[in-house]
Amino acid sequence: MKSLYLFIASLILLGACSSSPADQAANSITKDSLLRHIETLSSDDFMGRATGTEGEQMTVDYLISEFEDMGAEPAAEGNSYTQEFPLLGQSTSNAEMSVRTDGRTPFALQYYDEFMAWPANQAEEVDVRNAELVYVGYGIQAPEEEWDDFKGVDVEGKILVIKNNDPEFSPGVFAGKTRLYYGRYSYKYEKAKEMGALGAIIIHTTETAGYGWNVVANGWSRERFYLKGEGDASASPTKFNGWLTQEASRLLFEEAGLNLAEQMDAADSRDFEPVELSGVRMNVSMDADYREIESQNVIAKVEGSDPELKDEYLVLTAHLDHLGVTTPVEGDSINNGASDNAAGVSALLEMMEAYKSIQPVLKRSVLALVVSAEEVGLLGSQYWAENPTVEPGKVTANINLDGMNVYGKTRDVVVVGYGRTSLSDLLEEEARQQGRTIKPDPYPERGYFYRSDHFNMAKVGIPAIFPNPGTEYIDKGDNFLAVRDSVADANYHTVNDEINEYWDLSGAEIDTRLFFMTGFRALNSENLQSWDSGDEFEATRLRMLERVQGQ
């Protein structure tokens, strides 16, 4: 019997010694190593890491030091770790909106309570008088869906009133309840500009937005940022963009003798035609002040070892910025951003160090793209996508780390973008090795795919996924998911986003190992990753691949 025990022990030891270099590297990622970065980056010393502040610079310096210590090479231009980009901050004041109807007394709408508006580009003053309004349904032109909400109607010089979201009345139309880019406010504002509209106003409802009016009012009343030079007020026909509450929209339509609910329902048809708000005119005015700041992305790489494949990359993204210092709440004014996104940056650093430890077995290279200005509009990743340090056609995939599971181990992982790329298959196979499952986004109608930095990767064709925490917690009790959601929701974008008694980084540990192994598979797979056939980003991917053929 003793000899049998010795034989079994020797087999176990042999198995442990024969684990792959990738497995050993993955196991070097621990909750303690993750915690070290999170504690540092979310400390009060970093002052909330707001874009363009001293706290951002401290974060950049910390990242460069970590990359230097692990031996990751600088990967921005000029053999630098930083990619600098200019931003223009815009603050709106004195915003007024009024409606005049033939034969009736004009009435004014209240800024913040009933409408939000801001200059569409970079004008210092907006003064729109006696403008006509046209309701254009969802404001979508999508030839592949045989959908055109404009039907050839000339809307130049008019204010567009637009329904939020995209059509979801049928699974076979615009991906059903899954929100596509057509449903994002940015698409609608871009389309209004393209069509020569004087202004664009989106009708807010909690149902179509996925959040209440308070989110709109709070978000759009803050200083807004643009990539400097992104817009030219004198060249744009669109003078302002904005939102209206559902009740204010109802009153507006009523002035034109229209029923808002009926018009909203009518938009859910390919036969919809634009509707003029006859007899109604709108005045809109506002002022805007501007300031220039500098921000920076941090970019590092671990080079692959294959002579033919090392010029192809896996891109890991995480945003380094948060909200900085704001109005004190019970004496605390620092938004530490422990979950959002010190945790994601920590996971990226740990994955990069693990990849560096097995550099000789990596065929492709790994690019760490730690972006800033995410919290003010995904601007750091947008700048990289427009000024890439490597050709998007040479990037196999993107794994975006924005928030991690800091509440304990789960049997599953939720992935935004799951089932849209070949990377999903690799992720599923690696999850199976952990005895776990992958689940798609449970709220596709909220458009989370378009709300973090992976979206800008997708816009240039890069297959991308955005992992989120799972929901099936292990050894946490039946009600823990509700507790987690309550705590996370209460702390999100507040001074309370700090390490607290609910944190359990065993979840982040096992998830980060999963993402590491998935990335390893992508780095060493025979082919570059791809979008699934028919996906909205497939055509861009094919163009980007064609661009680099022969390079």
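Taking the longest Cα principal axis of the chain as reference, the axis of helix 538-548 is set at about 60 degrees. Annotation: aspartates and glutamates with alpha-carbon distance below 16 angstrom to K228 (same-chain offsets under eight excluded): E84, E124, D289, E292, E294, E374, E386.
The candidate values are (1) 72, 52, 45; (2) 87, 56, 40; (3) 101, 53, 52; the one derived from this structure for Cα extents along the principal axes in Å carries the label (3).
Maximal additional length on extending the K310-E501 stretch stands at 64.4 nm, based on 0.36 nm per residue less the C-alpha distance.
Ranked for footprinting exposure by Cβ neighbours inside 10 Å, fewest first, M544, M457, M282 give M544, M282, M457. Relative contact order of the chain, taken over Cα pairs closer than 8 Å and 6 or more residues apart, is 20 percent. On full extension, the segment bounded by E223 and Q549 gains 113.1 nm, given 0.36 nm per residue less the C-alpha separation. Rounded to whole Å, give me the distance from the Cα center of the stretch 182-250 to that of the stretch 424-445. About 34 Å separates the Cα centre of the stretch 182-250 from the one of the stretch 424-445. With the helix formula -39500 (n - 2.57) applied to DSSP H stretches of n ≥ 4, the chain reaches a computed 222 nm mean residue ellipticity of -9500 deg cm²/dmol. Taking amide H positions as modeled 1.01 Å from N, with prolines and chain starts lacking one, the residues under 5 Å from S295 and 5 or more places away or on another chain are F85, L87.
Taking the Cα of Y290, stepping 7 Å toward and past its beta carbon, and measuring to each backbone N in the stretch 189-227: which are under 17 Å? The answer is 223-227.
Rounded to the nearest 10 degrees, the angle from helix 343-357 to the longest Cα principal axis of the chain is 40 degrees. Calculated FRET efficiency, Y112 to T437, Cβ-Cβ distance, R0 = 45 Å: about 0.55 to the nearest 0.05.
At an R0 of 51 angstrom, the distance between the Cβ atoms of R129 and A539 translates into a FRET efficiency of 0.75. Taking a 23 Å limit on the Cα-Cα distance, which of the listed pairs K310/K439; K177/K239; K310/K409; K310/K356 fall beyond it? Listed pairs above 23 Å: K310/K439; K177/K239; K310/K409.
Applying a DSSP loop filter and a limit of 12 other Cβ atoms within 10 Å to the GluC sites (Glu not before Pro) in the stretch 493-551 leaves E501, E526. As a proxy for reagent exposure, ranking L542, L63 by other Cβ atoms within 10 Å from fewest up yields L542, L63. Model label sites at A261 and S19, defined 7 Å from Cα along the beta-carbon direction, differ in position by 6.1 nm. Amide H to amide H distances under 5 Å link E472 with R411, D412, where only residues 5 or more positions off or on other chains count and H is placed in the peptide plane. For L251 and T327, the difference between the fully extended length at 0.36 nm per residue and the C-alpha to C-alpha distance is 23.9 nm.
For the stretch 90-290, calculate the relative contact order in percent as a whole number, restricting contacts to Cα pairs under 8 Å that are 6 or more residues apart. It comes to 40 percent, rounded to a whole number.
Here is the list for the stretch 62-171: GluC sites (Glu not before Pro) lying in DSSP coil, each with at most 15 other C-beta atoms within 10 angstrom of its C-beta, are E77, E124, E146, E156. Approximating the spin labels as points 7 Å out from Cα along Cα→Cβ, the E273-to-R36 distance works out to 6.9 nm.
Helix 185-194 and the longest principal axis of the C-alpha atoms of the chain enclose an angle of approximately 50°. Taking label points 7 Å from Cα along the Cα-to-Cβ direction, N94 and S236 give a separation of 2.0 nm.
Note on H493, H204, H322: ascending count of other Cβ atoms within 10 Å places them as H493, H204, H322, the fewest first.
Rounded to the nearest 5, what is the percent of antiparallel bridges among the DSSP beta bridges in the stretch 90-290? Roughly 65 percent of the DSSP beta bridges within the stretch 90-290 come out antiparallel.
Karplus couplings for the stretch 420-435 from phi (6.51 cos²θ - 1.76 cosθ + 1.60, θ = phi - 60°), rounded to Hz, Gly and Pro as x? Once rounded to whole Hz, the list reads 10, 9, 5, 4, 4, 5, 5, 4, 5, 5, 5, 4, 4, 5, 8, x. Evaluating 6.51 cos²θ - 1.76 cosθ + 1.60 at θ = phi - 60° for every residue in the stretch 462-472, the Karplus couplings come out as 6, x, 9, 10, 10, x, 10, x, x, 10, 9 Hz, glycine and proline recorded as x.
Taking the DSSP beta bridges with both ends in the chain, the antiparallel portion is around 60 percent.
Read-outs throughout are calculated quantities, based only on the coordinates presented, and are distinct from any laboratory measurement. Just so it is clear, the structure is predicted and the values come from calculations on it, not from any experiment. All Cβ positions, glycine included, derive from the backbone under ideal geometry; neighbour counts span all protein chains shown.
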